[in-house]
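Quick notes on the structure that follows.
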Amino acid sequence: MRDVREYIFKVSVLGNGGVGKTSMVLQYTENKFKANYLMTIGSNFAIKMLRYDENTVCRLQIWDLAGQSSFAFVRPGFYQGSFATIYVFDITDRESFIDIENWVKEADQYVPNVPRVLVGNKLDLTDERVVSRSEGLALAEQLNARYYETSAKTGVNLEKLFTDLNNKLVELHVLNKKSSFQ
Ligand code: GDP
């Protein structure tokens, strides 16, 4: 009998309220998009099964935290055990881009030295864009993060983001291959 090994990777999705964290996870895991705004209370989590190769299956446990500062008390438990951090801003909201630095500072207190991903979301809102791709790339370089631009509405680049990250986590934790993730 073939020996299939299963791994569980918890990853945390961070960023200001309203940038589209919950929508990204919902689109990626269930192919759904809801236009109505529903504030996340505490944290949500979703699971996606991914096959790395025929012997290696992963459950990506994707946690999405309420961005509102009033829920700060839930954060330590939320961060604990994360294998990666995904920082999301909204390309139509400069404040959400500026605030990424604070999210990085906070997460670094609990989970330093894990692979980082920076995401500019709402790519479909081209006319309202205020943060350029080159600014996103520059911040990603500064954070030693990999950069993606996504739309939770159309789903563009979500599959790629999570598959690349899962592959990276397998290389790091299963195959013991250490390399940067940029
Ligand atoms: P969160 O607070 O970061 O989890 O943000 P939500 O997922 O709740 O999204 C906030 C609002 O932005 C909702 O009204 C979503 O429908 C909308 N939204 C999220 N992602 C996108 C996107 O990629 N494109 C567009 N046009 N709207 C989005």
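The values are calculated or read from the model by the stated rules, or taken from the named source; none is laboratory data. All values reported here derive from a predicted model rather than from experimental measurement. Cβ placement follows ideal geometry from the backbone for every residue including glycine, while neighbour counts extend to all protein chains displayed.
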Consider only pairs whose beta carbons are under 6 Å apart and that are at least six residues apart or on different chains; among these, list those whose first residue lies in region 13-28 and is near the ligand (Cβ under 7 Å from one of its atoms) and whose second residue is among the hydrophobic types (A, V, I, L, M, F, W, C) and assigned to a strand (DSSP E or B). Gly15/Val88; Gly15/Phe89; Val19/Val88; Val19/Phe89; Lys21/Val13; Lys21/Val88
Of the residues Val19, Val11, only one is surrounded by 11 or more Cβ atoms within 10 Å (Cβ to Cβ), modelled with pLDDT of 95 or more, touching a strand residue (DSSP E or B) at 6+ places or on another chain (Cβ under 8 Å) and in a loop (DSSP other than H, G, I, E, B); which? Val19
Kindly provide the set of residues from region 130-156 that are assigned to a loop (DSSP other than H, G, I, E, B), surrounded by fewer than 15 Cβ atoms within 10 Å (Cβ to Cβ) and not small (Gly, Ala, Ser), ordered by number. Val130, Asn144, Thr154
How many of the residues in region 1-23 are in contact with an Asp or Glu (Cβ under 9 Å, 6 or more places away or on another chain), closer than 30 Å to Lys122 by Cα and among the basic types (Lys, Arg)? 1
Filtering region 122-166 down to residues that are within 11 Å of the ligand (Cβ to nearest atom) and either of a type in the set (Ser, Thr, Tyr) or in contact with a His (Cβ under 6 Å, 6 or more places away or on another chain) (or both), which residue is farthest from Ser180 (Cα to Cα)? Thr126
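Can you tell me which residues in region 112-123 are surrounded by 15 or more Cβ atoms within 10 Å (Cβ to Cβ) and not polar (S, T, N, Q)?
Across region 112-123, the qualifying residues are Val114, Pro115, Arg116, Val117, Leu118, Val119, Gly120, Lys122, Leu123.
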Residues within region 63-97 that are modelled with pLDDT under 95, within 16 Å of the ligand (Cβ to nearest atom) and crowded, with 17+ Cβ neighbours inside 10 Å, tallied: 8
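So that you can scan it fast, the table gives a plain yes or no per residue for (1) farther than 30 Å from Arg129 by Cα; (2) at pLDDT below 90; (3) of a type in the set (Val, Ile, Thr):
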| position | (1), (2), (3) |
| --- | --- |
| Asp3 | yes, yes, no |
| Met24 | no, no, no |
| Gly42 | no, yes, no |
| Glu54 | yes, no, no |
| Val57 | yes, no, yes |
Over region 109-137, the set of residues touching a residue at least 60 places away in the same chain (Cβ under 8 Å) and over 19 Å from Ala84 (Cα atoms) is Lys122
For residues that are under 14 Å from Arg116 (Cα atoms) and under 17 Å from the mean Cα position of the chain (by Cα), tally how many sit in region 135-162. 13
Here the residues within region 82-105 that are more than 11 Å from Gly15 (Cα to Cα) and in a helix (DSSP H, G or I) are Arg94, Lys105
